[in-house]
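Trainee: Pasting a structure here, questions to come.
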Amino acid sequence: MTYIVKTFNLPALTGLSEKQIKVHLALYEGYVKHVNLIMEQIQKLKESGTDPYVIAELRRRFAFEFNGMRLHELYFEQFEGRLTSLTTDSSLEKAIKEKYCENGLEGHIREVAGTRGIGWVVVYKDSDSSTSLTASTIHTTFVSDHEVGQLAGLPILLALDLWEHAYMVDYLPSEKKNYVDAFFANLNWSVVEKRFDDAK
């Protein structure tokens, strides 16, 4: 099996230049390339009878490359189409109101995005929550490395890339807040709502 680089139908984005997006997409393509390379190398090493510790280290690296690939796909999909607002009274909005009350999900994401360091803000749906009135709840986390800190088994609703490669063509590291503003200025909430509705 070989993973293929996805293409994204991105409009002109507010606050994110064409050059920034081109640089970021090239980095995503690197993740896809390395996912395929590691799978190929593992197969070759298994066939040659290589020490299993070498293969184990490649498997650890695979998780970083694979999650980097998948998170970037989720990230870019959120900009396809056009900017849309959250639908009033949608299933997602009801879950947001239950969990985040007055600040809403966007306010909470902005708060988590203020975490020092590089990483991702990742929003998940948990359909197995027994305490939720809506039968599902939302969790928002800061993930430093792609392969560390993910919530096991939970579908991802939203991914905000906070590695500096995502914004340093357009913004200085000290201007990360401006990049987060640009992210929300282009976010197609209908993509996030569909993920929520489709998630099990």
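The values are calculated or read from the model by the stated rules, or taken from the named source; none is laboratory data. Model, not experiment: these values are computed from the prediction. Methodologically, a virtual Cβ is constructed for each residue, glycine included, from the backbone with ideal geometry; neighbour enumeration extends over all protein chains shown.
Trainee: Report yes if Phe184 is among the hydrophobic types (A, V, I, L, M, F, W, C), in a strand (DSSP E or B) and not assigned by TED's automatic domain parsing to the domain that holds Ala63, otherwise no.
Mentor: The answer is no for Phe184.
Trainee: Would you be able to say whether some residue in the range 90-103 is surrounded by fewer than 18 Cβ atoms within 10 Å (Cβ to Cβ) and within 23 Å of Glu73 (Cα to Cα)?
Mentor: No, the conditions are met nowhere in the range 90-103.
Trainee: Further, regarding this structure: Go through (1) under 21 Å from the mean Cα position of the chain (by Cα); (2) within 29 Å of Asn186 (Cβ to Cβ); (3) free of Cβ contacts under 8 Å to residues at least 40 places away in the same chain and name the single condition Cys101 misses.
Mentor: (1)
Trainee: Please determine whether any residue of the range 17-28 is among the small types (Gly, Ala, Ser), out of contact with any strand residue (DSSP E or B) (no Cβ under 9 Å at 6 or more places or on another chain), assigned to a loop (DSSP other than H, G, I, E, B) and farther than 22 Å from Glu147 by Cβ.
Mentor: Looking through the range 17-28, at least one residue is among the small types (Gly, Ala, Ser), out of contact with any strand residue (DSSP E or B) (no Cβ under 9 Å at 6 or more places or on another chain), assigned to a loop (DSSP other than H, G, I, E, B) and farther than 22 Å from Glu147 by Cβ.
Trainee: Check off (1) of a type outside the set (Gly, Ala, Ser); (2) crowded, with 18+ Cβ neighbours inside 10 Å; (3) at pLDDT below 90; (4) touching a Ser or Thr at 6+ places or on another chain (Cβ under 7 Å) for His146 and give me the number that stays unchecked.
Mentor: (4)
Trainee: Tell me whether the range 56-75 contains one or more residues that are out of contact with any helix residue (DSSP H, G or I) (no Cβ under 6 Å at 6 or more places or on another chain) and assigned to a loop (DSSP other than H, G, I, E, B).
Mentor: No, there is no match, as no residue in the range 56-75 is out of contact with any helix residue (DSSP H, G or I) (no Cβ under 6 Å at 6 or more places or on another chain) and assigned to a loop (DSSP other than H, G, I, E, B).
Trainee: With (1) within 21 Å of Phe66 (Cα to Cα); (2) in contact with a helix residue (DSSP H, G or I) (Cβ under 7 Å, 6 or more places away or on another chain); (3) not in a loop (DSSP other than H, G, I, E, B); (4) not aromatic (Phe, Trp, Tyr) as the list, and Arg195 as the residue in question, which single condition is left unmet?
Mentor: Here Arg195 clears every test but (2).
Trainee: Search the range 27-52 for residues that are assigned by TED's automatic domain parsing to the domain that holds Gly68 and pair each with any residue that is small (Gly, Ala, Ser) when their beta-carbon atoms are under 7 Å apart and the residues are at least 6 apart or on different chains.
Mentor: If the second residue must be small (Gly, Ala, Ser), the pairs left are Tyr31/Gly68.
Residue by residue, here is whether (1) modelled with pLDDT under 95; (2) under 17 Å from Asn188 (Cβ atoms); (3) surrounded by fewer than 18 Cβ atoms within 10 Å (Cβ to Cβ) holds:
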| residue | (1), (2), (3) |
| --- | --- |
| Asn9 | no, yes, yes |
| Val54 | yes, no, yes |
| Gln78 | no, yes, no |
| Leu105 | yes, yes, no |
| His108 | yes, no, no |
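Trainee: Here's something else I'd like to know. So which residues in the range 77-101 are part of a loop (DSSP other than H, G, I, E, B) and in contact with a strand residue (DSSP E or B) (Cβ under 9 Å, 6 or more places away or on another chain)?
Mentor: Scanning the range 77-101 gives Gln78, Phe79, Glu80, Gly81, Arg82, Leu83.
Trainee: Okay, next question. In the list Gly117, Gly104, which residue meets the criterion of being in a helix (DSSP H, G or I), on the phi > 0 side of the Ramachandran plot and either out of contact with any Gly (no Cβ under 9 Å at 6 or more places or on another chain) or not assigned by TED's automatic domain parsing to the domain that holds Val32 (or both)?
Mentor: Only one candidate passes the filter, namely Gly104.
Trainee: For a quick check of your reading of the model, give me the residue pairs whose first member lies in the range 1-18 and is free of Cβ contacts under 8 Å to residues at least 40 places away in the same chain, whose second is surrounded by 15 or more Cβ atoms within 10 Å (Cβ to Cβ), with beta-carbon atoms closer than 7 Å and at least 6 apart or on different chains.
Mentor: From residues that are free of Cβ contacts under 8 Å to residues at least 40 places away in the same chain, the pairs are Thr2/Asn36; Val5/Val32.
Trainee: While we're looking at this one, here's another question. Identify all residues within the range 149-181 that are part of a helix (DSSP H, G or I), at pLDDT 95 or above and small (Gly, Ala, Ser); write none if there are none.
Mentor: Selection gives Ala166 alone.
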